[in-house]
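The values are calculated or read from the model by the stated rules, or taken from the named source; none is laboratory data. Since this is a predicted model, take the numbers as computed values, not measurements. Glycine also receives a Cβ, built like all others from the backbone with ideal geometry; neighbour counts cover every protein chain displayed. Just so you know, the surface numbers come from the protein's heavy atoms only, side chains and all, with ligands and any DNA or RNA stripped out. Shrake-Rupley method; radii C 1.70, N 1.55, O 1.52, S 1.80 Å.
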Amino acid sequence: MNPLSARLQSLSPSETFAMAQKSNELKAQGIDVINMSVGEPDFSTPDHIKEAAKKAIDNNFSFYSPVPGFPELRKAICAKLKNENNLDVDPTQIVVSSGAKQSLCNVILSIVDKGEEVIIPAPYWVSYPEMVKIAEGKPVFVYAGIEQDFKITAEQLEKSITPKTRALILCSPSNPTGSVYTRDELKSLAAVLAKHPGIYVISDEIYEHINYVGRHESIARFEEVRERVIVVNGVSKGYAMTGWRIGWIAAPKWIASACGLLQGQYTSGASSISQKAAEAAYTGNQDCVEEMRVAFERRKNLITKLLKEIPALKVNDPKGAFYVFVECSSYLGKQFDEKRIDTATDLAMYLLEQGHVACVGGDAFGAPGHIRFSYATSDENIEKAVSRVKGALEKLR
């Protein structure tokens, strides 16, 4: 008899964390592994943000925080939304959580019932379908390949909608592809959703500040769907604060209240010290954000140039985040010694074992025949890693 709940038995482990763990195991053996599997900036948290956290400790911000977050932080988030996104949001519509992952899970658990469908464009972040499963909903995948820059069309969205559709999860800039939806593309999706008033949009904008197209565009800007959009964001990527665990939602008041009710029963408020640091991130000087963005864009240009020089790999030009999602199907079916490479996951493991480069197979993202490289690492590591990848691929027959 399996003592675990059916809910837990339905979940799949995170392939990104699994690859990171295997990479660390090899490193522990003294092997020089370049880890390009983890979605985490390699920069340190900016000093003024760290100083705010130290000050919060000295000022005894060591007690429970309000479940939806400190009023000062929620006001700072509202100001950010107004100044950067031209969105008018009230602090009562903001709920701060222990990371954007919790924010996403709060929303899905609050609006999705058993058997209801959630549309997830593929390639997708590994946790989206698992969160829907936790809510006993049904993930519905809509695939967009490299030929359309991994972005679904309005026609694809329309065809995927059924009477059971409850929500669409949209991620732009995207993990795992780095794709960014343009304003016109979002407008066309909003036009479809306008015809289906029972469908909500969960807009994951955690990579907002890491884009190479200029102004970030949010589907929440469109009047016809604005009251049905839940924006999910946080400080982890744009401010290099992954370990601080601060995410948030901006949502219709009834959804924000529901998420607060849910969060109040299983984690309560997020870390008080981390919230004060996040407040400093949003209210302080933003030069650090641009400095990191510029570095990521330089690295993106470098890695795409080098990967395009490897025969049979198909590489597009990602417009945001810090990932490049490479089509590698030409290498599947080949082998090294007695080991056959049948899947992208096999190829990722081969590159780790033979090239000592950690990446993630596209199978985990709903895109067989692809691999994801994170370029959140130094230029030197990028050059070295791609050289190793090229050498390992040349050995396949």
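Name the pairs: first residue in region 1-19 and more than 21 Å from TYR323 (Cα to Cα), second residue charged (D, E, K, R) and modelled with pLDDT of 75 or more, Cβ to Cβ under 7 Å, at least 6 apart or on different chains?
Close Cβ pairs (under 7 Å, with a partner that is charged (D, E, K, R) and modelled with pLDDT of 75 or more) amount to SER10/LYS133; LEU11/GLU130; LEU11/LYS133; SER12/GLU130.
Can you tell me which condition LYS75 does not meet? The list is (1) within 23 Å of GLY264 (Cβ to Cβ); (2) touching a residue at least 40 places away in the same chain (Cβ under 8 Å), and all the others hold.
The failed condition is (2).
Looking at region 317-363 only, could you name the residues that are assigned to a helix (DSSP H, G or I), of a type in the set (Phe, Trp, Tyr) and open to solvent by 10 Å² or more (accessible area, probe 1.4 Å)?
TYR331
Just to check your reading of the model, which residue among PRO121, PRO139 is modelled with pLDDT of 95 or more, in a strand (DSSP E or B), of a type outside the set (A, V, I, L, M, F, W, C) and touching a Cys at 6+ places or on another chain (Cβ under 8 Å)?
Among PRO121, PRO139, only PRO121 is modelled with pLDDT of 95 or more, in a strand (DSSP E or B), of a type outside the set (A, V, I, L, M, F, W, C) and touching a Cys at 6+ places or on another chain (Cβ under 8 Å).
Could you tell me whether ARG388 is modelled with pLDDT under 95 and either crowded, with 16+ Cβ neighbours inside 10 Å or not in a strand (DSSP E or B) (or both)?
No, not satisfied.
Scan region 229-243 and report the pairs whose first residue is at negative phi and whose second residue is of a type in the set (Phe, Trp, Tyr) and open to solvent by 10 Å² or more (accessible area, probe 1.4 Å), with Cβ atoms within less than 8 Å and a gap of 6+ or a chain change.
Partner pairs satisfying both residue conditions: VAL229/TYR200; ILE230/TYR200; VAL235/TRP244; VAL235/TYR282; SER236/TRP244.
Only residues in region 166-183 that are free of Cβ contacts under 8 Å to residues at least 12 places away in the same chain count as the first member; pair them with residues that are open to solvent by less than 10 Å² (accessible area, probe 1.4 Å) and outside any strand (DSSP E or B), Cβ under 6 angstrom, at least 6 apart or cross-chain, and list the lot.
none
Quickly run through region 249-261 and pick out the residues that are open to solvent by 50 Å² or more (accessible area, probe 1.4 Å) and not basic (Lys, Arg).
Within region 249-261, TRP254, SER257, LEU261 meet the criteria.
Look through region 79-105, keep the residues that are without any contact (Cβ under 8 Å) to a residue 40 or more places away in the chain and in contact with a helix residue (DSSP H, G or I) (Cβ under 9 Å, 6 or more places away or on another chain), and return whichever of them is nearest to LEU168 (Cα to Cα).
CYS105
Quick check on GLY320: is it touching a Gly at 6+ places or on another chain (Cβ under 9 Å), over 25 Å from ARG74 (Cβ atoms) and modelled with pLDDT of 95 or more?
yes
I'm trying to understand the selection: among the residues of region 307-316, which are closer than 30 Å to VAL294 by Cβ and open to solvent by 60 Å² or more (accessible area, probe 1.4 Å)?
LYS308, GLU309, LYS314 - these are the residues of region 307-316 that are closer than 30 Å to VAL294 by Cβ and open to solvent by 60 Å² or more (accessible area, probe 1.4 Å).
Which residue out of ASP346, ASP317 is farther than 30 Å from ALA52 by Cβ and under 20 Å from the mean Cα position of the chain (by Cα)?
Sole residue among the options that is farther than 30 Å from ALA52 by Cβ and under 20 Å from the mean Cα position of the chain (by Cα): ASP317.
Quick one: in region 48-77, which of the residues that are open to solvent by 30 Å² or more (accessible area, probe 1.4 Å) and within 25 Å of the chain's Cα centre (by Cα) is farthest from VAL107 (Cα to Cα)?
Ranking the candidates gives LYS50 first.
Looking at ALA144, is it open to solvent by less than 40 Å² (accessible area, probe 1.4 Å), within 22 Å of PRO368 (Cα to Cα) and modelled with pLDDT of 95 or more?
Here the answer is yes, as ALA144 does meet what is asked.
Does SER110 qualify as being surrounded by fewer than 24 Cβ atoms within 10 Å (Cβ to Cβ) and either within 15 Å of ASN233 (Cα to Cα) or in contact (Cβ under 8 Å) with a residue 40 or more places away in the chain (or both)?
The answer is yes for SER110.
Just wondering, is there one or more residues in region 364-378 that are in a helix (DSSP H, G or I) and buried (at least 19 other Cβ atoms within 10 Å of the Cβ)?
Checked region 364-378: at least one residue is in a helix (DSSP H, G or I) and buried (at least 19 other Cβ atoms within 10 Å of the Cβ).
Spot the failing condition for ASN211; the list is (1) among the polar types (S, T, N, Q); (2) open to solvent by 20 Å² or more (accessible area, probe 1.4 Å); (3) touching a Lys or Arg at 6+ places or on another chain (Cβ under 7 Å), and only one is missed.
(2)
Hey, among the residues in region 83-116 that are assigned to a helix (DSSP H, G or I) and touching a Cys at 6+ places or on another chain (Cβ under 7 Å), which one's farthest from ILE249 (Cα to Cα)?
For region 83-116, the residue satisfying everything is SER110.
Which members of region 214-248 meet the condition of being open to solvent by 10 Å² or more (accessible area, probe 1.4 Å) and of a type in the set (Phe, Trp, Tyr)?
PHE222, TRP244
Quick one: is PRO163 free of Cβ contacts under 8 Å to residues at least 40 places away in the same chain and open to solvent by 10 Å² or more (accessible area, probe 1.4 Å)?
For PRO163, the condition - free of Cβ contacts under 8 Å to residues at least 40 places away in the same chain and open to solvent by 10 Å² or more (accessible area, probe 1.4 Å) - is met.
Restricting to region 275-303, and then to whatever is surrounded by fewer than 20 Cβ atoms within 10 Å (Cβ to Cβ) and either among the polar types (S, T, N, Q) or in contact with a Gly (Cβ under 7 Å, 6 or more places away or on another chain) (or both), can you tell me which residue is nearest to LEU81 (Cα to Cα)?
The selected residue is THR283.
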